[in-house]
Amino acid sequence: MRGAVVLVLVLAACSGPVERAQGDYPTVVSLNPCADAILAEIVAPGQLLAVSHYSHDPAASSMLPQRAAQFAGTGGTAEEVLALAPDVVVADVFIQPATRRALEQAGIRVVALGIASSLEASLEQVELLGAATGNEVRAAKLSGEIATSWQTHRWNGEPATAILWQQGGIVAGEGSLAHDLMQQSGFASLSAARGLGQGAYLPLEEVLADPPQVVITAGDERAFSHPVMVEADGTAHHTLASSLLYCGGPTIPRALERLAEIRRQVP
């Protein structure tokens, strides 16, 4: 009987995705900073030939600096990419048509990703990149870790009113991943309640006129440290690294951890 159970388990394991041999993976160049972070988690050793130059800039990268430093960088020109001769290029949807055409004419597959505006969209991108690079197993593992973190950080109590104020004085509106991260972590977006969409500008005067329980700032906008803002009674002030808001993928658990830390400090 025990042998039959073992056989069933072995057959079940064999029916799922199978890891490939080292030489079976297509080589990849990423021109998309959000894809960089995902690919760095799921690729086989030596498979990712280069990441976008954004990931080598700590102020613009969603990757940890020590991880980004493990990969070469590229400015994204067709000439640079062609010299690396990858099998697959991961770009964003705004890739120049001439660049895309040059790559495809050289026999390179181009995968273009948009902005992930929700958890579901981010998980779909992880799955897509897993399939495009032959890393379905590692991609499924990463997706599971992200989904588990999402559920683990779900706030079950009363939400605190909050504004997530980003560089340029803009706010996170409904239909954005940043808004969903806030909501999952126990914050009710005051900007969304006012009907402000993603990227809408919110001046200091309007924040002071109807202050939330919490102001979370991401960036170094002058208004964030204005004396009247800092001294506002009844409003807690916290900071969030802007790099946690650039992308989804493996950034999501780190963003949730920081937001949960902030939420625990709010009565």
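The values are calculated or read from the model by the stated rules, or taken from the named source; none is laboratory data. From a predicted model like this one, the values you see are computed outputs, not experimental measurements. All Cβ positions, glycine included, derive from the backbone under ideal geometry; neighbour counts span all protein chains shown.
Name the residue, out of ARG138, ARG154, that is closer than 30 Å to ILE108 by Cα and not in a strand (DSSP E or B).
Working: ARG154 fails: closer than 30 Å to ILE108 by Cα.
Checking each option against the conditions leaves just ARG138.
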Quick one: count up the residues across region 77-90 that are closer than 27 Å to PRO250 by Cβ and in contact with a helix residue (DSSP H, G or I) (Cβ under 7 Å, 6 or more places away or on another chain).
-> 4
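So is ASP36 surrounded by fewer than 17 Cβ atoms within 10 Å (Cβ to Cβ) and among the acidic types (Asp, Glu) or not?
On the way: surrounded by fewer than 17 Cβ atoms within 10 Å (Cβ to Cβ): no; among the acidic types (Asp, Glu): yes.
The answer is no for ASP36.
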Exactly one condition in (1) touching a residue at least 60 places away in the same chain (Cβ under 8 Å); (2) surrounded by fewer than 21 Cβ atoms within 10 Å (Cβ to Cβ) is not met by GLU127; state its number.
-> (1)
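Does GLY130 satisfy being at pLDDT below 95, out of contact with any His (no Cβ under 9 Å at 6 or more places or on another chain) and within 24 Å of ILE38 (Cβ to Cβ)? Before you say what the answer is, go through the steps one by one.
Details: at pLDDT below 95: no; out of contact with any His (no Cβ under 9 Å at 6 or more places or on another chain): yes; within 24 Å of ILE38 (Cβ to Cβ): yes.
So GLY130 does not fit the description; no.
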All positions within region 196-215 that are over 27 Å from the mean Cα position of the chain (by Cα) and either not in a loop (DSSP other than H, G, I, E, B) or not assigned by TED's automatic domain parsing to the domain that holds THR235 (or both) = LEU204, GLU205, GLU206, VAL207, LEU208, ALA209
Over region 115-137, the set of residues in contact with an Asp or Glu (Cβ under 7 Å, 6 or more places away or on another chain) and at negative phi is SER118, LEU119, GLY130, VAL137
Top-ranked residue in region 44-86 [being surrounded by 13 or more Cβ atoms within 10 Å (Cβ to Cβ), farther than 21 Å from LEU142 by Cβ and charged (D, E, K, R); ranked as farthest from the chain's Cα centre (by Cα)] | GLU80
